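Please read the structure below before turning to the comments.
What follows draws every value from the coordinates through simple rules; no lab data is involved. All of these numbers come straight from a predicted model, not from anything done at the bench. Here Cβ is always computed from backbone atoms with ideal geometry, including for glycine, and neighbour counts include all displayed protein chains.
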């Protein structure tokens with residue numbers, strides 16, 4: 001091949017790559033998304049990662065089904081590796097411009113490849129969910145069932161690396177599985193997280209239910225405890241993930257980064273005014289935690305679920321710690337099944353990622 005032929009081929013390759021990345025599943029679909037004030041998955045990943053740090057993996061992936069090959073650039077999943085606060089992080093997200101981000105043979109393999117890259121190198125992993133679920137007919141038959149099932153490595157990861165999920169749209173099927181396996185889940189208002197859609201439920205049972213009642217933020221924030229935080233928009237969701245990752249090590253063989261701290265180690269006497277001498281009087285435990293934390297900052301998880309306890313990440317003298325505290329303002333701090341579930345999940349996460357625990361207990365017992 002001559003030098004001119006090589007140059008022409010290289011230019012054609014770059015032009016095709018740029019077209020795939022800009023037009024995605026169709027320029028009209030991309031424009032409709034942006035006209036509604038929303039983001040494409042590539043826009044989302046650009047906002048999640050540090051500027052100009054994202055490197056995509058698998059740009060030229062397409063459906064294995066011949067009739068769909070020309071209509072499925074990326075095959076519904078976009079992912080790769082980038083940096084968050086300078087640290088390598090892998091991420092995958094659903095591309096709704098291609099068959100509503102549904103899962104197929106190729107897209108499932110692409111996601112598994114990127115997750116295995118994160119696992120092998122000890123990098124955190126982030127999933128951005130907005131999917132219609134498994135794709136038909138790709139998922140029919142034994143091969144299809146096995147390929148779109150949750151990754152074996154992901155479901156049996158043993159918390160080797162931190163994993164976060166952001167649910168940013170109507171997400172069914174795989175999104176619910178991945179969020180259940182995640183260490184941290186944030187959901188945006190107006191989105192839905194469920195195993196299947198209201199339409200399928202109506203066909204199967206005859207019951208009509210809307211998206212909010214099925215899997216809106218109020219359901220998972222207050223009733224199921226499936227999510228850790230609620231975000232008003234996608235930008236806030238990614239900011240919350242970045243903040244959560246700042247408390248995490250890159251993997252379970254490391255410890256969280258200790259930040260420089262030159263504050264006063266003497267006791268903060270304001271705590272005496274926060275905790276009343278009368279044991280029957282309630283008080284704000286969150287104010288107590290802030291008084292113990294560097295710069296008065298805490299990062300609370302599941303604040304509206306299991307409300308008789310408070311679980312929060314913070315820094316004390318520059319070191320990351322996990323607070324598990326009673327909340328006397330709710331049931332006088334008595335433990336409920338929900339608060340026990342919340343505490344257990346939090347303790348397991350901190351244990352996996354080498355975060356020391358601080359318990360502040362003011363509990364009358366179990367709620368009976």
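Annotations for the structure displayed:
- On Cα atoms only, tilt of 234-246 relative to the major axis of the chain in degrees: 60
- When you restrict to C-alpha pairs under 8 Å that are six or more residues apart and normalise by the size of segment 246-368, the relative contact order lands at 26 percent.
- Within segment 2-119, all pairs of alpha-carbon atoms sorted by distance into 10 Å bins from zero give the percentages 13, 40, 34, 12, 1.
- Looking at segment 3-246, the DSSP beta bridges with both ends there are about 35 percent antiparallel.
- Highest to lowest packing among 22-31, 198-207, 294-303, 127-136, scored as the average C-beta count within 10 Å: 127-136, 294-303, 22-31, 198-207
- Pair residue 55, residue 31: separation of 7 Å Cα→Cβ label points (nm): 3.5
- Annotation: peptides 279-291, 329-341, ranked by per-residue average of other Cβ atoms within 10 Å with the highest first, follow the order 329-341, 279-291.
- Computed over segment 3-246: relative contact order in percent, which uses C-alpha pairs under 8 Å that are six or more apart: 13
- Fraction of antiparallel bridges per DSSP, segment 271-360 only, in percent to nearest 5: 75
- By other beta-carbon atoms within 10 Å, ranking 211, 60, 184 with the fewest at the front produces 60, 211, 184.
- Here is the size of the chain from its Cα atoms: Rg then Dmax, 22.9, 88 Å.
- Neighbour counts of C-beta atoms inside 10 Å place 161, 57 in the sequence 57, 161, starting with the fewest.
- Inter-part distance, segment 152-225 to segment 280-322, computed on C-alpha centroids, equals 27 Å.
- Put simply, the convex hull of the Cα atoms in segment 271-360 casts, on average, a shadow of 5.6 nm².
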